[in-house]
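This report refers to the structure that appears directly beneath it.
Any read-out appearing in this document is the output of simple, stated calculations on the displayed coordinates, not a laboratory observation. These figures come from a predicted structure and were not determined experimentally. Positions of Cβ are generated from backbone atoms using ideal geometry, with glycine treated the same way; all protein chains shown enter the neighbour counts.
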Amino acid sequence: MSIIFKRTKILATLGPATDSYEAIESLLLAGVNGFRFNFSHATYEKCNQQTEWIRQASKKHNKPVAILQDLQGPKIRLGVLKENMTVAIGDELILDYAAEHDGFTIPTQYNLAEKVKVGEPIYIFDGKIRTTVTEITSETAIKVRVENPGTLMSRKGINLPDTNFGGDILTPKDLKDIEYGITRDFDFVSLSFVQSPDDITNLRQILLGMGSDVQVIAKIETKAAIKDDVLEAIVKVSDGVMVARGDLAVEAGAEVVPIVQRRIIALCRKYGKLSIVATQMMASMVDSPEPTRAEVSDVANAVIQGTDTVMLSDETANGSYPIEAVASMKKVILYTQENASIRPLDEIIQMKNSQQDAISTAAVKLAEQLKVVAIIAETKSGGTAANIAAHRPNLPLISVTSSVRSAQQLALSYANRSYIRPDGETSGLDLARELKADGFFGDKGNVTVAIVSGRQPGLIGGTDTIRVRVLE
């Protein structure tokens, strides 16, 4: 039997439930391809230790693994309340950046008075309490009217779906976390509450100025970002996009999330960018050893839509069954990919390099026509492999690269399995022969592979050749 591996990848969030080498290794063996550090909660000390554990497990099992640093962004929260507070319809609250809790005056961790306008909605506690801005009362305070009853608690999140932050979404905490991140072995950094392509461009310039080659992921969770022309522009300037369905549901309405998810995945495929579907994919498994039928359908639907990666949050960070959650997700992915075809892409795939795209397109079509067992991509930056993956090949995509960073970043790319080898004119063919000898292609006799490469090994953007080789 040949090795069967999932084409849609799994990204798992680390937290108290998985804070040990043994847990990280178990997650890796269960099917995790990348780990997420949530910088709304992560500490530098924990990240240092967990990064060491991840790379140790990756090396032990010869499996490149991605690490994603998820910035908190302007995730605005209430400050500390003296006690939980019940509010009723019509109550008026003062949200004050400079105050302490005193009756209906409530502290916030962000100066809302600088950004909001009268008439704009503000949602508190993940949308559980709806309010409307009625007055800007001072340089640090606003007055809001409560529109439904509920309970307020310390440090609960605030969402402002109609507020324009004017590109000011990188907080002092984010900038400090970015400076820390570039000193660590992170492969991706994700920017929260993106509103325009300028937000991504700004972050990329900061990273380049610090000499970082980390790839940038745009988290789509605001009403401004999902406008058709804005969304496509964000995808084009990003290295990947995360469908952050939790805050997106609060900011734009839960009913829009499935359609936006489908559109984002299609755009990422069109432009050869990484797509990640996140939030509550197996939320019941925080407390239950089995997923619900709705959660199974959710994961399967993301696979059929052609996403690169599905993500677990609380399930692996705080849940009682982190390993079981990964195993269940992998089981759904494998069954779905073997029994349902990926939804075809209506739009023509477009890459930055038209020659590279043409080669990638031809390789996938040639592989299907000749019924090869795998596509072998020789790649330096990972671009060739990512372009091939955008076509969602129905067979293994084997990447061979001399870059450890590229191998780790490709760990989240659709259908990809990365191997680190020195640059050379026969590196792809040598790897194919090695895999055949190891039984990767099964107990068959002769097998055929398609090798995509360049005439100058190690040259970024130099892919120009497809070779078909029979392995005896």
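Data table
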item: Two-site FRET efficiency, VAL404 against GLU425, from Cβ-Cβ distance with R₀ of 30 Å, rounded to 0.05; result: 0.90
item: Local net charge near ASP126, Cβ-Cβ under 14 Å (Lys/Arg +1, Asp/Glu -1); result: +3
item: Extension gain (nm, one decimal) between ASP229 and LYS117, 0.36 nm per residue minus Cα-Cα; result: 37.8 nm
item: Helix axis angle, 228-237 relative to the chain longest principal axis, alpha carbon, degrees; result: 60
item: Phi-based couplings in Hz for the stretch 108-116 (Karplus 6.51, -1.76, 1.60; Gly and Pro marked x); result: 10, 8, 8, 7, 5, 4, 7, 10, 7
item: Residue-count net charge about VAL243 - beta-carbon cut-off 10 Å; Lys, Arg +1, Asp, Glu -1; result: +3
item: Placed amide H near LEU14: partners under 5 Å, 5+ positions off or other chain; result: ARG36, ASN38
item: Under 5 Å, built H, 5+ apart or other chain: amide partners of LEU274; result: GLY240, VAL241
item: The stretch 185-199 - phi-based ³J(HN,Hα) in whole Hz, Karplus 6.51/-1.76/1.60, Gly and Pro as x; result: 8, 8, 9, 9, 10, 10, 9, 7, 6, 4, 10, 7, x, 4, 4
item: Alpha carbon centroid spacing (whole Å) that separates the stretch 133-159 from the stretch 220-250; result: 26
item: Cα gyration tensor shape for the stretch 354-471, rounded if a/c is under 1.5, else prolate or oblate; result: rounded
item: Nearest-ten-degree value, helix 257-270 long axis tilted from longest Cα axis of the chain; result: 40
item: Among beta bridges that DSSP assigns inside the chain, antiparallel share in %, nearest 5; result: 40
item: Loop trypsin sites (Lys or Arg not before Pro), the stretch 267-314, which have at most 15 other Cβ atoms in a 10 Å radius of their Cβ (DSSP); result: none
item: Placed amide H near VAL400: partners under 5 Å, 5+ positions off or other chain; result: ALA377, GLU378, THR379, TYR419
item: Part-to-part distance (alpha-carbon centres) for the stretch 261-317 and the stretch 418-450, which is given in Å; result: 31
item: Helix 322-339 axis, angle to the chain major axis (alpha carbon atoms, nearest 10°); result: 50
item: Charge sum, other residues only, whose C-beta stays under 13 Å from VAL65's C-beta, Lys/Arg counted +1 and Asp/Glu -1; result: +4
item: Per-residue ³J(HN,Hα) for the stretch 124-135, Karplus 6.51 cos²θ - 1.76 cosθ + 1.60, θ = phi - 60°, Hz, x for Gly and Pro; result: 10, 6, 6, x, 5, 10, 9, 9, 10, 6, 10, 6
item: Antiparallel bridge percentage (DSSP; both residues within the stretch 354-471; nearest 5); result: 40
